[in-house]
Amino acid sequence: MEVVIKPAQETARLAADAIVALIDAKPDAVLGLATGSSPLGVYDELAKRHRAGEVSFAGVSAFLLDEYVGLAQEHPQRYRNVILTELVDRIDLDPARVHGPDGLAQDIPLACARYEQAIVDAGGVDLQLLGIGTDGHIGFNEPGSSLASRTRIKTLTGQTRVDNARFFDDDVDRVPHHCLTQGLATISAARHIVLLAQGGGKAEAVHQMVEGPVSAMWPASILQHHPHVSVLLDEGAAARLQLGDYYRQAFQAKPEWQGL
Ligand code: F6R
């Protein structure tokens, strides 16, 4: 795991650099997209670079991490709608190539199995963007999730529903109880994982993910088993790290050609 501690805007630029370099090398790259606040700076950066003519997403396809169960097609917080607004509408990525788990499916296990297959059929995810929950979830794999899990239905914890109430007019009762999420094994199959976190509220989860034991209690800790993970943090999110100074020194001394 590589840990980079920089101001949030700089981490957004680093993540965008990695995505642009990937698309340069592989114009039909498969991106894994996260919703929530953490990747918004990256999406702004990608939109800016697209406007400047520096990158085209015309050949790219994308898979969402997760989706709420039961939110109506047109609901603004449906993650497919969120990602269209935050990213897809601002670049030349074809909405038909943006896939997400179907939170309105009649047969949920079948929809989840089909989603897994669609990722495989696309050749797998080249670069997966992630945020992390205050309880250590990635996707919506809440504490206690199987480390070998695949796309399935999950129940959100009370904490996650409180954390996400800000997207539902601060009314926790409007936050759905269920979601469909890529599993921890699904996420771990991506070839490069770029996780962003900002603010002190994430500090304990980040510490457990990077420096704690691998445990279903802190689901993001499964990423310690992945060969290529970039963890991009601001000072607040890095505040609990035991080896913070080492991570800073390592990044400072890193040869530029290496990228993330
Ligand atoms: C979103 C997702 C979640 C968020 C996490 C952090 O698609 O899968 O794991 O990344 O809840 O949310 P923010 O970024 O809003 O703090």
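None of the figures in this text is laboratory data; all of them are computed from the coordinates on show. What you see is a predicted model, and the numbers here were worked out from it, not measured in a lab. Glycine also receives a Cβ, built like all others from the backbone with ideal geometry; neighbour counts cover every protein chain displayed.
Structure notes:
- Axial C-alpha extent at least 20 Å, average Kyte-Doolittle at least -0.5 - helices from the chain (DSSP): 8-25
- Cα-Cα P(r), the chain, percent of pairs per 10 Å interval: 7, 32, 39, 20, 2, 0
- Between segment 112-154 and segment 31-76, the C-alpha centres lie 16 angstrom from each other.
- Mean projected area of the convex hull spanned by the Cα atoms of segment 37-143, taken over all viewing directions: 7.5 nm².
- Using a Gaussian network model of the chain in which every pair of alpha carbons under 10 angstrom is joined by a spring, one finds that among Asp234, Asp17, Asp173 the greatest mean-square fluctuation is at Asp173.
- Sites Asp44 and Gln252 - FRET efficiency at Förster radius 35 Å, r taken between beta-carbons, to 0.05: 0.85
- Here the 3J(HN,Hα) profile of segment 134-145, calculated from phi with Karplus coefficients 6.51, -1.76 and 1.60 at θ = phi - 60°, is 5, 9, x, 6, 10, x, 10, 7, 6, x, x, 5 Hz, Gly and Pro shown as x.
- Only lysine pairs 8 or more places apart or on separate chains count here, and in the chain those with Cα atoms under 26 Å apart total 7.
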